[in-house]
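The values are calculated or read from the model by the stated rules, or taken from the named source; none is laboratory data. Quantities reported herein were computed from a predicted structural model and do not represent experimental measurements. In this analysis, Cβ positions are derived from the backbone assuming ideal geometry, glycine residues included, and neighbour counts consider all displayed protein chains.
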Amino acid sequence: MNMIAIEKEKFEIPLSGRPIALVCEDDVTMRELVGRVVGQLDVDVVLAESAQHALDYLENNDVALLVTDLRMPRIDGLTLLKFARAHNLATQVTMITGYATVESAVEALKCGAFDYIRKPFDNDELLCVVRRALEHYCLKRENRELREQNRRYQE
């Protein structure tokens with residue numbers, strides 16, 4: 001597992017070429033825990049301490065998975081979700097929150113979240129959700145590539 005923390009506005013991160021999982025959580029202990037759980041998958045994990053750092057990273061990188069807290073200072077997880085989905089429809093977003101309400105869950109799912117998990121969560125539950133999200137991401141990319149190949153063959 002390759003895990004890298006983003007702590008500055010500008011960053012150069014050498015990764016392995018595997019899918020990237022971006023974890024955005026303002027609480028350092030929770031951020032590291034989520035990073036370790038997600039890191040059990042065959043992905044490179046990038047840890048962002050703020051939504052602004054995550055936005056900057058999303059703007060310049062192809063991210064397969066985004067796991068983000070819902071409530072954070074300045075920019076919330078829903079704003080991050082909307083940006084991620086607008087920037088790359090294939091990015092699969094999982095919301096985690098200690099302030100779960102039916103309304104926030106419905107809003108997150110309407111905005112395109114893959115799933116919504118309440119804190120405290122079971123590590124196995126989180127791993128199962130992000131594994132399914134990664135599979136969904138891979139299927140979407142494969143589907144897009146096959147459509148492009150099909151289009152080229154028809155020309």
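If you scan segment 83-104, which residues turn out to be of a type in the set (Val, Ile, Thr) and closer than 21 Å to residue 27 by Cα?
93, 94, 96, 97, 101
Among the candidates 77, 35, 17, single out the residue that is over 17 Å from residue 138 (Cβ atoms), at pLDDT below 95 and of a type in the set (Gly, Ala, Ser). Spell out the reasoning first.
Numbers: 35 fails: at pLDDT below 95; 17 fails: over 17 Å from residue 138 (Cβ atoms).
The match here is 77.
Scan segment 53-83 residue by residue and report those that are closer than 24 Å to residue 110 by Cβ and of a type in the set (S, T, N, Q).
Correct list: 68, 79.
Report, by residue number, each residue of segment 62-78 that is in a loop (DSSP other than H, G, I, E, B), of a type outside the set (Lys, Arg) and farther than 23 Å from residue 127 by Cβ.
Across segment 62-78, the qualifying residues are 73, 75, 76.
Can we say residue 81 is assigned to a helix (DSSP H, G or I) and closer than 24 Å to residue 120 by Cα?
Here the answer is yes, as residue 81 does meet what is asked.
Mind counting the residues in segment 81-136 that are polar (S, T, N, Q), over 18 Å from residue 55 (Cβ atoms) and touching a Phe, Trp or Tyr at 6+ places or on another chain (Cβ under 7 Å)? Can you show your working first?
Step one: list which residues in segment 81-136 are polar (S, T, N, Q), which gives 88, 91-92, 94, 97, 101, 104, 123.
Retained after the next criterion (residues that are over 18 Å from residue 55 (Cβ atoms)): 97, 101, 104, 123.
Filter once more, keeping what is touching a Phe, Trp or Tyr at 6+ places or on another chain (Cβ under 7 Å): none.
Summing the residues that are polar (S, T, N, Q), over 18 Å from residue 55 (Cβ atoms) and touching a Phe, Trp or Tyr at 6+ places or on another chain (Cβ under 7 Å) in segment 81-136 gives 0.
Find all pairs meeting these conditions: Cβ atoms under 9 angstrom apart; at least six residues apart or on different chains; first residue within segment 31-53 and of a type in the set (Ser, Thr, Tyr); second residue at pLDDT below 95 and not in a strand (DSSP E or B).
Qualifying pairs under 9 Å: 50/26; 50/72; 50/73; 50/74; 50/75.
Those residues that are farther than 28 Å from residue 141 by Cα and of a type outside the set (A, V, I, L, M), I need them from segment 98-131; list them, please.
98, 99, 101, 103, 104, 118, 119, 120, 121, 122
For segment 63-72, indicate whether the set of residues that are modelled with pLDDT under 90 and more than 18 Å from residue 112 (Cβ to Cβ) is non-empty.
Within segment 63-72, none of the residues are modelled with pLDDT under 90 and more than 18 Å from residue 112 (Cβ to Cβ).
Looking for whichever is of a type in the set (D, E, K, R) and either touching a residue at least 40 places away in the same chain (Cβ under 8 Å) or crowded, with 16+ Cβ neighbours inside 10 Å (or both) here; the options are 107, 135. Which one fits? Outline the logic, then answer.
Details: 135 fails: either touching a residue at least 40 places away in the same chain (Cβ under 8 Å) or crowded, with 16+ Cβ neighbours inside 10 Å (or both).
Selected residue: 107, the only one of 107, 135 that is of a type in the set (D, E, K, R) and either touching a residue at least 40 places away in the same chain (Cβ under 8 Å) or crowded, with 16+ Cβ neighbours inside 10 Å (or both).
If we keep just the residues of segment 55-86 that are of a type in the set (Ser, Thr, Tyr) and more than 10 Å from the chain's Cα centre (by Cα), which is surrounded by the fewest Cβ atoms within 10 Å (Cβ to Cβ)?
Looking at the filtered set, the residue picked out is 79.
Against the conditions (1) modelled with pLDDT under 95; (2) surrounded by 16 or more Cβ atoms within 10 Å (Cβ to Cβ), where does residue 149 fall short? Just the number, please.
That leaves (2) as the condition not met.
I want to confirm something. Restricting to segment 1-14 and keeping residues that are assigned to a loop (DSSP other than H, G, I, E, B) and farther than 18 Å from residue 131 by Cβ, which single residue is modelled with the lowest pLDDT?
Taking the candidates together, the pick is 10.
If I ask for residues that are in a helix (DSSP H, G or I), modelled with pLDDT under 95 and in contact with a helix residue (DSSP H, G or I) (Cβ under 9 Å, 6 or more places away or on another chain), which ones from segment 85-127 would you list?
At the first step, the residues of segment 85-127 found to be in a helix (DSSP H, G or I) are 85-87, 102-110, 123-127.
From the residues that got through so far, the ones that are modelled with pLDDT under 95 too are 85-87, 102-110.
Once the filter is applied, which keeps residues that are in a helix (DSSP H, G or I), modelled with pLDDT under 95 and in contact with a helix residue (DSSP H, G or I) (Cβ under 9 Å, 6 or more places away or on another chain), segment 85-127 yields 87, 104, 107, 108.
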